[in-house]
1. Taking R0 as 25 Å, what's the FRET efficiency between residue 3 and residue 141 from their Cβ-Cβ distance, rounded to 0.05?
2. Note the angle between two axes, namely the Cα long axis of helix 29-39 and the longest principal axis of the Cα atoms of the chain, as a number of degrees from 0 to 90, rounded to the nearest 10.
3. For the range 33-127, count the residues as N, evaluate 2.2 N^0.38 Å, and divide the Cα radius of gyration by that value, please.
4. So for the chain, averaging the separation of alpha carbon pairs under 8 Å that are six or more residues apart and normalising by length, what relative contact order in percent results?
5. How much mean residue ellipticity at 222 nm does the chain get from its helices, if each DSSP H run of length 4 or more adds -39500 (n - 2.57) and you divide by all residues, to the nearest 500 deg cm²/dmol?
6. Treating each Cα of the range 108-157 as an identical point scatterer and ignoring solvent, apply the Debye formula and state log10 I(q)/I(0) at q = 0.15 Å⁻¹.
7. What spacing in nm lies between the two simple spin-label points modelled at residue 44 and residue 164, each 7 Å away from Cα in the Cβ direction?
8. Can you give me the distance in nm between label points at residue 157 and residue 15, each placed 7 Å from the Cα along the Cα-to-Cβ direction?
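No value in this document is a laboratory result; all are computed from the given coordinates. Keep in mind the model is a prediction, meaning the values are calculated, not measured. Here the Cβ positions follow ideal geometry from the backbone for every residue, glycine too, while neighbour counts run over all protein chains shown.
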């Protein structure tokens with residue numbers, strides 16, 4: 001099992017374990033740093049939703065930068081248990097909630113406790129369902145009116161323009177990854 005370093009904030013330098021699972025592809029330091037440079041360094045008071053959480057690197061980075069609460073959604077029960085242990089080890093277990101289930105099954109504002117100011121989603125790269133994911137988030141109304149949805153995808157896969165409500169406002173690429181930003 002490897003680790004990732006939290007790059008900024010109150011937990012800067014702390015390590016997040018990466019589960020030894022071929023389905024987990026954590027967002028690297030450089031991409032995380034760029035993502036939070038775009039979102040803003042200070043997430044004080046924000047509620048953040050981390051979909052397809054995996055290692056939880058994005059959500060723990062958000063907590064480190066002041067997020068009030070992060071809800072991690074992870075389908076694999078073993079990886080979800082790892083997320084809970086990591087939150088305890090970092091001392092942020094009161095600010096972190098782990099929901100076990102497939103994103104499409106749990107994407108509900110009432111169940112997750114939204115609306116969220118930031119939603120980050122890092123689905124498996126072989127899953128080209130960005131269009132369905134954006135539509136589901138829009139339909140569930142889990143993103144706040146002035147919030148930002150960020151989806152990481154493999155750069156070679158096409159991006160999606162958005163829905164009637166959520167529109168892609170920016171795309172940035174780093175190595176084999178691309179980040180698509182959506183807003184209402």
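1. 0.10
2. That helix lies at roughly 60 degrees to the long axis.
3. Computed over Cα atoms of the range 33-127, the ratio equals 1.00.
4. 17 percent
5. Using -39500 (n - 2.57) per qualifying helix, the result is -8000 deg cm²/dmol.
6. Treating every Cα as an identical point scatterer, log10 I(q)/I(0) equals -0.41.
7. 3.9 nm
8. In this crude label model, residue 157 to residue 15 measures out at 3.0 nm.
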